[in-house]
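I have placed the structure first, in the form of structure tokens, so that the comments after it can refer back to it.
Only the coordinates and a few stated rules stand behind these numbers; no lab work does. The structure displayed is predicted, hence computed values, not measured ones. Counting neighbours? That spans all protein chains shown, and the Cβs are built from the backbone with ideal geometry, glycine included.
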Amino acid sequence: MSKQERNQFPHPNRRQALGLMATGASALLMPALLGREEALAAGKDKPSGQMVISFSQEPTVFNPHLLHIEVDEGIHYSVFNPLFDVDPDGKFTPSLAVEVPTVENGGISADGLTWKVKLRDGVKWHDGKPFTAEDVKFTLELMVDPNFRSWRRTGHEHVRDIKVVSPTEITWRMDKAFAPYPSILASTFIVPKHILSEAADKNTAPFNNAPVGTGPFKWSKRVPGDYIELAANEDYFGEGPYLERVVYKYIPDMTVMYTQFKTGDVDLVGLQWITADHYEEAKTLEGKIVDVVPNATIESVGFNMERPQFKDPAVRKALYHALDKKTIIEALYYGLPAPTESYMPQQSYYYNPDLPKQEYDPEKAKKVLDEAGWVPGADGIRAKDGVRLSFSNSTTAGNHLREQAQQFMQQSFKDIGVEMTISNLPPAVMWGDYWMMSKFDSVVVGINFITGPDPDTSDYFMSTSSGAKGGNGQNTWQYANPEVDKLLKEAGNTFVREERRKLYFKIQEIMRADLPFLPMYQYATVRGRKKGVEGFRPNINNRIDSWNVNTWHWAKK
């Protein structure tokens, strides 16, 4: 790993791990955090122009605390704010908080248990009501409300004794110090108490379809299946917004999405970006800027571990031997992504480089299945104890490279006596309850498993994080391993980075052995935008490009 790669993720010492936010007082002077009047005095322009951003998946979840996927966060970052955020260098930067709380500035006690957060004064919700510490208290309590379908309880369940000291100051106590909590807070958007507290059922509140935030853009309108339009919030407390409107356009067919970028109908290609097969042409397009950008997302073939076919570890092991991921990467993705054996991005300090390398060997796959008692039937498909080795595989309809990879896998698996049928769905259906509530057999999916720069994956691997089993989180594989549960808890309570690293190395070893999903590659994404689009900045510590949409603007002519 190069020095440059290592520097993309922070390496906190013990005190910083307790405070976890090594940002100095100079962060308070950042231009992005100027108040509205100061920004105007400094020459803040009136918002102008429109930018069209394309997504190949449709945002459908607008309450940022309901179960959602990455694409929904494209809207969340436009409409809402967290207390603080994470920049591309892995540093925490203030947002609704005046400063990032640390041990050094007294925001966090030396033992990591007592927190004090100072908030911005004068911030308004989009409906003109004042933002206060009451909203922060309400949000933290909402995350653990047993009647709310919270997308994340991890970390928040340790918060106790929340006290509103004043409209601009809030304190709480942690029942135990939890190392990942700052990164979790950085992805926790604050929602308005005065609106949501009035809802009889917060899971179905009108707010969920017409969100009101403090962010740089206000909800304007949505045409389901087509686009979402947001309008500039001219009372925004931070830098920008510089655009009068942003339009998030849903284009499920990725070839069509690229074509619309080529013709100029799309100004910036967002999730899932430009497919690798168009890269050679894209980088020659006049009037366009096209870059290959590393991304923390890992592409994998995931299994529903409650399906009888996948309960046998021999099946998962055999399928990995039969997965020719080298050919998939080279033939379909032009060698751009990096093959991986882990869910951890390779730029992370916590990435384990010593995991066993996959051995593509169909004959070995057959032998593993033979030894495990999976016997070919008259149709060539193996069976054991009345269970046929047959299952469906699903992903986003319209992602043509994934669909080609599925067809390639389908033939590879058939050669070892396994039947895989393909059943793809529109994004809103695929990543709705079908995914969140584990209604699939198997999937091809890209996931950014970590929270900002923090390596905690409790939301994905803890046995209590399965929605289908009544938990909160995204353990959609329904994976359960008591040793992984124990290690995740221990790692979350460990503040010495070298010791914490050893624990995450061990978790990666177990995941590689258990194979609830088959890791294929870490994304190398092809990002495209028109010349003149400024302010765009990739952020490997964030799950969506529009994390800083407030700074996007058109270059002045």
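Along the charge dipole of the chain, pointing to its positive end and built from +1/-1 on Cβ of Lys, Arg, Asp and Glu, which listed residue (ASN393, PRO337, LEU488) has its Cα farthest out?
LEU488
So, with +1 on the Cβ of K and R and -1 on the Cβ of D and E, and no other charges, what is the size of the charge dipole of the range 384-521 about its Cα centre, to the nearest 20 debye?
It comes to approximately 80 debye.
In cubic angstrom, how much convex hull volume per residue do the alpha carbon atoms of the range 295-524 span?
122
Cα convex hull of the range 152-295: mean projected area in nm², to one decimal?
One quarter of the hull surface, i.e. the mean projection, equals 12.7 nm².
Count neighbours as other Cβ atoms within 10 Å of each site's Cβ, and list the GluC sites (Glu not before Pro) in the range 258-299 that are DSSP loop with at most 16 such neighbours.
GLU286
Treat every Asp and Glu Cβ in the range 291-413 as -1 and every Lys and Arg Cβ as +1, leave all other atoms uncharged, and give the resulting dipole magnitude about the Cα centre to the nearest 20 debye.
Around 280 debye, computed over the range 291-413.
Over all pairs of distinct alpha carbons, what does the Kirkwood formula give as the hydrodynamic radius of the chain, in Å?
Evaluated over the chain, this radius sits at 24.4 Å.
Past 19 Å, Cα to Cα: identify those pairs from LYS326/LYS357; LYS46/LYS556; LYS124/LYS221; LYS249/LYS530; LYS326/LYS502, in the order given.
Pairs exceeding 19 Å: LYS124/LYS221; LYS326/LYS502.
Can you give the convex hull volume of the alpha carbon atoms of the range 257-321 per residue, in Å³?
139
Give the Rg (one decimal place) followed by the Dmax (whole number) of the range 474-557, computed from C-alpha coordinates and expressed in Å.
In order Rg, Dmax, the Cα atoms of the range 474-557 give 19.4, 60 Å.
Let me know the charge dipole size of the range 295-524 about its Cα centre in debye, to the nearest 20, where only the beta-carbon of Lys, Arg (+1) and Asp, Glu (-1) is charged.
Computed charge dipole of the range 295-524: roughly 100 debye.
Using a basic spin-label model with each label point 7 Å from the Cα along Cα→Cβ, how many nm lie between LYS502 and GLU141?
Simple spin-label model gives 4.2 nm for this pair.
Can you tell me the equivalent ellipsoid semi-axes for the range 282-362? Use √(5λ) from the Cα gyration tensor, largest first, whole Å.
With the √(5λ) rule applied to the range 282-362, the semi-axes are 30, 16, 13 Å.
Just from the alpha-carbon atoms, what are the Rg and Dmax of the range 133-228 in angstroms?
Expressed in Å, the Cα Rg and Dmax of the range 133-228 come to 14.9, 46.
Please state, rounded to one decimal and in Å, the Kirkwood hydrodynamic radius that the range 334-407 gives when every pair of distinct Cα atoms enters the mean of 1/r.
The Cα-based Kirkwood calculation yields 16.1 Å.
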